[in-house]
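Student: The following block contains the structure, expressed as C-alpha cells.
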Amino acid sequence: MTEQLILDYWPVLISLTVAAYCVVRLRRTTRELERNRSSSYMAEAEWMHALDFAEDAMYLVDLDDRLVRGNRKFFEFIGQPAEQCLGQPIMQLIHGAHEKLPCPVCEARLERRDAIYVKEADDPMNRLHRPIEFIVKTRRDAAGNPVGVLMVMRDLSRQRQAEETILESRERLMVTLESMGEAVITTDVNGLVQYLNPVAQNLTGWGNADAPGRPLAEVFHISEDSTGHQARDPVTACLEQGAVIASDRDTTLSRRDHQDFAIELTTAPIRDRNGKVIGVVLIFRDITQIRSMARQLTYQATHDTLTGLINRREFELRLEHALDNTRTEGRHHALCYMDLDQFKLVNDTCGHIAGDALLRQLTTLLKSKLRDNDLLARLGGDEFGVLLEGCPLPKAIAIAETLRMVVHDFRFIWMDKTFDIGISIGLVPISDQFVSVTELLSAADTACYIAKDLGRNRVHAYEPDDAMLTKHQGEMHWVQRITKAIDDNRLILYCQPIVALSDDGCTSPSFEILVRLQDENNLIIPPMAFIPAAERYNVMVAVDRWVLRAALDAWQRVCAACATERVMFAINISGSSLCNDSYQDFVLDTVAKSSVPGKCICFEITETAAVSNFQQAQHFITSLRALGCRFALDDFGCGLSSFTYLKNLAVDYLKIDGSFVRDMAHDPIDYAMVESINQLGHVMGIQTVAEFVENTATLELLRQLGVDYAQGYVLAEPMPLFEAHLSLPTTAADLAAVALDSTC
C-alpha cells in the first residue's frame, strides 16, 4: 500500500520539489538583482556626484525622456533645484532654458543615436549669445539595448576666446614677420623650409607656394666671400650648438635667378613650451650697399684720391710687415723716399690743376718701371715712397736710378709751357737695426734730404756713419730743442746799438734786436748754432713770432725806465716768415694792437729774402708802412741783382753787407763797394748803415764816406737788452768818446 501511495503521488512529489527549488533560486536571484541594482545605483550616483565637479552641464534621461540624473552644472543651467526635477519630463525642465533644442540634437536623442552638434545659443543664466556644443550619447545595457540618453552641453566661449587669442597672436606674428625689413626663413629640424616672409621671398626668388617642404640649401644658397665655396648649412650648425649664431664671415646669397647679394645672417633654434627644439629660424638682411660703401670707405682710407696709390697710413702698415719679415725671416727689403724737385715751380706757374696732372702722369710713369711685387705710395704733396720687397741693396740702387732717370727724361707740357722735372731719392735698406717704422722713415727722409742738399736729382743711400747724416741729425735735434725752448720761454733778447756817425743824423737811440737761446743748463747758445736749423726746418716762423711779441713788450719797459719814447728797435724777419701769409697777418694784427708807435719799429729784411719773395716783400712793406713802421734792407750788396729791385722797395735804410765793411780799410774793392752802395742809397733818399765795424780805422773811413750809421764790436758787443740799454753808445757824442778811448 505504501509503495502504491508513493507510486500514486510521485509526480506530485516531483512537482513540489521542483517548485521548492525554483522558489529558492528565485529568491536568490532576486536578492542578487537587488544587490546588483543597489550597487549599480550607488556606482551611478557616485559617478554623477563626481560629475558635479565638471564644468559642462550633464544629465541622464530614460527612454521616456524623464530626468534620471543631473550634475551641479546642469541644475545651475536650468535654474531649478535637483529634488524638484528628478523624474520630470526633460523638455518641460529645459523649456525655460531653451525654447527649442537644436533639431539635430532632438533627432539624435529621439532616435537613440550618438551625435555632436555646435550651435550659437543663449545662455539661460545671463542670456548671452555664445557658442554651445551639444553631445548626445545613448546609454545601453549589456545586451546593447538603449536604456537612456546622456546629454552634455559644453560652453565653448573660453575655448573660442583662447582660439581667437591664438589666431590673433598668429596674425600679429605674421604681420610682424611680413612687415620686417629683415628676411625670415623658418625650417623644421630636418632643414626643410616651412615659411618665408616677403623680404626672404624677394632675396631668394622662392615663394611660399613652392618653397615649403624643400631642403634649405635648395632655397637658401650661400657661399663664403673669402673662398667662394658653399657655406656650411646654417641649420646643422645651429642645431649642433643649440644657441643663436651670428655669422662673422662675409656671406653671399645667390638668388634663384643667379643674382648675388651680400648678406648678414643670424640663426636661432625654435623651441616648444618644454624647451624641445622643433625648428630653426634664419634672419638675414641685404648689406650689399653697406658692404660696397664699407669697401669704398676702406679704399678711401688707404688710398690717395688723386693718384690712386696707397696713402702714407697704409704704406706705414706695409712697412711694418716688411720690417717684421726682415726680423723673423731675414729677407732683404729696401725703402725709397722720393721728393720731386720742380713741383712747386709747376704749381706756382700753372696752378694746382697742372700740379695734379703732373702727379698723375708721374704716377703712371713710375709704376711702369717697378716690379710687380714693388709697392708705390704717395706720402703727401710731391713726396712718394716705394717698398722694394725681396730686393738687396745693389738691386735697390739700380731700381732707384731707373726711377730717377725716367723722371729726369720726362718733360711735362702744360699749354705753352714745358718743364724739366727732377727727383731726389733717399734709399734705405730695411734691416733689424731699425726698431720702428718711424725710425725707418726718418732715415729715408734724411737720406732724401741729403740727396737734395748735394745738388738734387740724385740717389743717396743711407749709411749709419755718414757725415752728412750726422750733420742732418744734429740739425733735427736742434729743431726739437728750439721748439721746447719756445714752449718754455727760454729765448732771450739781446741788442746791439746802431750809432749815428754825424750830429746831422737822427740821434734817437736805435738798437738791433737779436735773439739767443738759453739751454736746459742755463748756458747761452749763440744764434749761428740754432738759427740755420730753424730756417731749414721751418721753425723760424715760430722764433720770429716770439721775438716780435717779446720786443714790443720790452720796448714799453725800456721806455718806461728811460722816460722816453724815442727808442727805435730794429727787428729781423727771416725769409721763411716773409713768405708766410699767416705771419704777415700776425705782424699786422700785433703791431696794430700794440701801444708801440709804428715809427719806433724798423723791420730788417735780408736782401736775398726780399729778392726771392719780391711780391710778398713788397706787399708786407706797403702794409706795415701804413702803420708808420720803417724798413731796412739787410746784407745789401751780396747780390748785384738786388739793384734792379731796390727802386721798387720802399725801404728806409740800406745795411751794407758786413763782408765789404770788415776789410774796407785794407781792400780797395771792398772800399769801392761800400762807397757805391752808400752813394746809391743817398741818391734814392735811403740812409745807410754799415755792419761789422770792428776797428776805429774802419769807423773813420765810414765817417769820411758819409755813411749815416755804424754798428759793430768797436762800438758795442751784443748784450742782454735789459742790461745794456742805458750804457751803450747811441749818438755821435757817444761815438767820439768811444774813438777817444780806443786811441788812448
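Student: What are the ³J(HN,Hα) couplings of region 288-303, residue after residue, when phi is run through the Karplus curve with 6.51, -1.76, 1.60 and θ = phi - 60°? Round to Hz, x for glycine and proline.
Tutor: 4, 5, 5, 5, 5, 5, 5, 5, 5, 5, 5, 4, 5, 6, 10, 10
Student: Here's another thing I want to ask about it. What FRET efficiency would be calculated for the residue pair ASP56, LEU86, taking the C-beta separation as r and a Förster radius of 25 Å, to the nearest 0.05? Don't skip to the answer; put the middle values down first.
Tutor: Details: r = 20 Å, r/R0 = 0.78.
Using R0 = 25 Å, I get an efficiency of 0.80.
Student: Which cross-chain or sequence-distant (5 or more) residues have an amide H under 5 Å from the amide H of ILE525, H modelled 1.01 Å from N in plane?
Tutor: LEU517, GLN518, ASP519
Student: Follow-up. Grab the Cα-Cα distance for TRP546 and ARG271, subtract it from 0.36 nm times how many residues apart they are, and report the gain in nm with one decimal.
Tutor: On the way: separation 275, 0.36 × 275 = 99.00 nm, distance 7.55 nm.
Here the answer is 91.5 nm.
Student: Let me ask something additional. 7 Å from Cα along Cα→Cβ at both ARG327 and LEU627: what's the point-to-point distance in nm?
Tutor: About 5.3 nm, to one decimal.
Student: Treat every Asp and Glu Cβ in region 588-676 as -1 and every Lys and Arg Cβ as +1, leave all other atoms uncharged, and give the resulting dipole magnitude about the Cα centre to the nearest 20 debye. Mind dumping the intermediate values first?
Tutor: Working: 7 positive and 11 negative charges, 114 e Å.
The dipole of region 588-676 has a size of about 540 debye.
Student: Search the structure for amide H atoms under 5 Å from the amide H of PHE692, placed 1.01 Å from N in the peptide plane, and list their residues when 5 or more places away or on another chain.
Tutor: GLN711
Student: What distance in nm separates the simple spin-label points at VAL683 and THR305, each placed 7 Å from Cα in the Cβ direction?
Tutor: It works out to 5.6 nm between the two label points.
Student: Turning to a different aspect of this structure: I need the P(r) histogram for region 490-555: all alpha carbon pairs, bin width 10 Å from 0 out to the longest distance, whole percents.
Tutor: 18, 42, 26, 12, 1
Student: While we're on this one: Express the carbon and sulfur contribution to the solvent-accessible surface of region 330-468 as a percent, rounded to the nearest whole number, probe 1.4 angstrom.
Tutor: Ligands and nucleic acids excluded, carbon and sulfur reach 51 percent.
Student: Put a dot 7 Å past each Cα toward the Cβ at ALA294 and SER676; how far apart are the dots in nm?
Tutor: Placing both labels 7 Å along Cα→Cβ, they lie 7.5 nm apart.
Student: If one computes the Cα centroid of region 512-551 and of region 415-454, what distance in Å separates the two points?
Tutor: 28
Student: What number, in nm² with one decimal, is the all-direction average of the projected area of the convex hull of the alpha-carbon atoms of region 250-383? Provide the component values of the computation, followed by the final result.
Tutor: Working: hull surface 61.6 nm².
Answer in nm², one decimal: 15.4.
Student: Taking only the alpha carbons of region 345-425, what extent do you get along each of the three principal axes, in Å, biggest first?
Tutor: 42, 22, 19
Student: Compute, for region 176-301, the length of the dipole vector about the Cα centre, with Cβ point charges of +1 (Lys, Arg) and -1 (Asp, Glu) only. Units Debye, rounded to 20. Don't jump to the answer; show the numbers that get you there.
Tutor: On the way: 11 positive and 16 negative charges, 36 e Å.
Dipole size: approximately 180 debye.
Student: Next up: Kirkwood Rh over Cα pairs of region 189-312 into Stokes-Einstein at 37 °C, 0.692 mPa s: D in µm²/s?
Tutor: Result for D is 203 µm²/s.
Student: Starting from the Cα-Cα distance between ALA217 and SER157, subtract it from 0.36 nm times their residue separation and give me the gain in nm to one decimal. Intermediate values should be presented prior to the final figure.
Tutor: Details: separation 60, 0.36 × 60 = 21.60 nm, distance 4.46 nm.
Length gained between ALA217 and SER157: 17.1 nm.
Student: Something else: Please go through the residue pairs LYS344/LYS484; LYS599/LYS655; LYS367/LYS395; LYS452/LYS647 and name each one whose alpha carbons sit more than 26 Å apart in this structure. Mind showing how you got there, number by number?
Tutor: Working: LYS344/LYS484 31 Å; LYS599/LYS655 18 Å; LYS367/LYS395 17 Å; LYS452/LYS647 34 Å.
Among LYS344/LYS484; LYS599/LYS655; LYS367/LYS395; LYS452/LYS647, the Cα-Cα distance tops 26 Å for LYS344/LYS484; LYS452/LYS647.
Student: Based on Cα positions only, what radius of gyration and what Dmax would you give for region 277-338, in angstroms?
Tutor: Answer for region 277-338, Rg first and Dmax second: 19.9, 66 Å.
Student: Take the Cα of VAL189, step 7 Å along the line toward its Cβ, and report every residue of region 265-282 whose backbone nitrogen sits under 17 Å from that point.
Tutor: The answer is 268-281, whose backbone nitrogens lie closer than 17 Å to the label point.
Student: A further question on this structure: With N set to the number of residues, divide the alpha-carbon radius of gyration of region 327-385 by 2.2 N^0.38 Å and report two decimals. Spell out each step's value before the answer.
Tutor: Details: Rg = 14.5 Å, N = 59, 2.2 N^0.38 = 10.4 Å.
Rounded to two decimals, the normalised Rg is 1.40.
Student: For region 536-633, just say rounded, prolate or oblate: build the C-alpha gyration tensor, square-root its eigenvalues into a ≥ b ≥ c, call rounded for a/c under 1.5, and beyond that prolate if a/b exceeds b/c, oblate if not. Intermediate results must be reported in sequence, preceding the final value.
Tutor: Details: a/c = 2.01, a/b = 1.65, b/c = 1.22.
It comes out prolate by the Cα gyration axes.
Student: What FRET efficiency do you get for LEU317 and ARG256 if R0 is 45 Å and r is their Cβ-Cβ distance, rounded to the nearest 0.05? Write down the numbers at each step before the final one.
Tutor: Values: r = 42 Å, r/R0 = 0.92.
About 0.60, to the nearest 0.05.
Student: Please give the contour-minus-distance gain from VAL435 to THR483: 0.36 nm per residue of separation, less the Cα-Cα distance, rounded to one decimal in nm.
Tutor: Working: separation 48, 0.36 × 48 = 17.28 nm, distance 2.52 nm.
Result for the pair: 14.8 nm of gain on full extension.
Student: Once phi is turned into ³J(HN,Hα) by the Karplus curve 6.51 cos²θ - 1.76 cosθ + 1.60 with θ = phi - 60°, what whole-Hz value does each residue of region 588-594 show in order, with x for glycine and proline?
Tutor: My calculation for region 588-594 gives 4, 5, 5, 5, 5, 7, 7 Hz in order.
Student: Now, a different point. Residue by residue through region 362-367, which ³J(HN,Hα) values in whole Hz follow from phi under the Karplus form 6.51 cos²θ - 1.76 cosθ + 1.60 (θ = phi - 60°), with glycine and proline marked x?
Tutor: 5, 4, 4, 5, 5, 4
Student: Rounded to the nearest 0.05, what FRET efficiency do ASP553 and ALA398 give with R0 = 56 Å and r taken as the Cβ-Cβ distance? Could you check? Please list the in-between numbers first.
Tutor: Details: r = 59 Å, r/R0 = 1.05.
Efficiency, rounded to the nearest 0.05: 0.45.
Student: Ignoring ligands, DNA and RNA, what accessible area per residue does region 273-402 give at 1.4 Å, in Å²? Mind dumping the intermediate values first?
Tutor: On the way: 6840 Å² over 130 residues.
Per-residue value: 53 Å².
Student: I would also like to ask the following. Equivalent ellipsoid semi-axes for region 380-437, as square roots of 5 times the alpha carbon gyration tensor eigenvalues: give them largest first, rounded to whole Å. Numbers along the way, then the final one.
Tutor: Values: eigenvalues 176, 38, 11 Å².
Equivalent-ellipsoid dimensions as semi-axes: 30, 14, 7 Å.
Student: Work out the charge dipole of region 231-328 with +1 on the Cβ of Lys and Arg and -1 on the Cβ of Asp and Glu about the Cα centre, then indicate which of LEU323, LEU297, SER254 is farthest towards its positive end.
Tutor: Checking the options against the dipole of region 231-328, the answer is SER254.
Student: Order 133-141, 376-384 from most to least packed using the mean count of other Cβ atoms within 10 Å.
Tutor: Peptide ranking by packing, descending: 376-384, 133-141.
Student: Let me spell out the model: positive unit charges on the Cβ of Lys and Arg, negative unit charges on the Cβ of Asp and Glu, origin at the Cα centre of region 361-447. What dipole size does that give, in debye rounded to 20? Mind dumping the intermediate values first?
Tutor: Values: 8 positive and 12 negative charges, 56 e Å.
Dipole of region 361-447, to the nearest 20 debye: 280 debye.
Student: Report in % the part of the accessible area of region 197-283 that belongs to carbon and sulfur, leaving out ligands and nucleic acids; probe 1.4 Å. Walk me through the numbers on the way to the answer.
Tutor: On the way: 2270 of 4810 Å².
Carbon with sulfur: 47 percent of the solvent-accessible area.
The values are calculated or read from the model by the stated rules, or taken from the named source; none is laboratory data. Just so you know, these numbers come straight off a predicted model, no measurement behind them. Cβ: placed from backbone, ideal geometry, glycine included. Neighbour counts: every protein chain shown. Note: accessible area is taken over every heavy atom of the protein model, side chains too, but ligands, DNA and RNA are not part of it. Shrake-Rupley method; radii C 1.70, N 1.55, O 1.52, S 1.80 Å.
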